[in-house]
Amino acid sequence: MRSLKLGQGGLVYLGSQNGFHNNLILDCLLITIVMIFLPFFYTLFHIIAIDSYILETVKGDLSKLNIVATIVLNANYIFGIHEPVVAFWYGIVTLCTTVSNKIVRYEITIGAITEAYAGL
């Protein structure tokens with residue numbers, strides 16, 4: 001517990017040297033909120049770019065869209081007969097790390113909000 005208090009004191013000292021807000025809790029809250037939504041928007045724009053490329057390739061013909069999308073997305077098929085198992089476990093591991101990451105970030109956000117507005 002002492003080491004956490006020492007670390008918190010060091011962060012408060014470093015935050016007081018910064019002329020940005022001089023409110024370390026608010027700065028951490030803003031950074032955490034930005035980092036909660038940044039991966040979501042990155043993925044969203046990435047998917048939009050891929051779908052736009054596929055739609056441009058078929059020149060807007062929706063009947064060909066399924067065929068081309070299947071061909072383009074099947075190019076990632078590299079594990080042979082083990083592809084479904086590898087894809088399943090990769091999805092499970094990605095899901096677990098994403099959920100744990102989001103839980104930690106929400107906990108930081110809620111903790112920062114309660115710390116910032118505890119005196120009100």
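The values are calculated or read from the model by the stated rules, or taken from the named source; none is laboratory data. Just so it is clear, the model here is predicted, and its values are computed rather than measured. So basically every Cβ, Gly included, is an ideal-geometry build from the backbone, and we count neighbours across all protein chains shown.
Some observations on this one:
- When restricted to residues that are at pLDDT 80 or above, surrounded by 10 or more Cβ atoms within 10 Å (Cβ to Cβ) and of a type in the set (Gly, Ala, Ser), segment 50-86 contains 1.
- Set side by side, the residues 107, 83 differ, and just one is under 30 Å from residue 30 (Cβ atoms) and of a type in the set (Asp, Glu), which is 107.
- Candidate set: segment 6-46, residues that are modelled with pLDDT of 80 or more and either loosely packed, with under 10 Cβ neighbours inside 10 Å or among the hydrophobic types (A, V, I, L, M, F, W, C) (or both); chosen: the one farthest from residue 105 (Cα to Cα): 45
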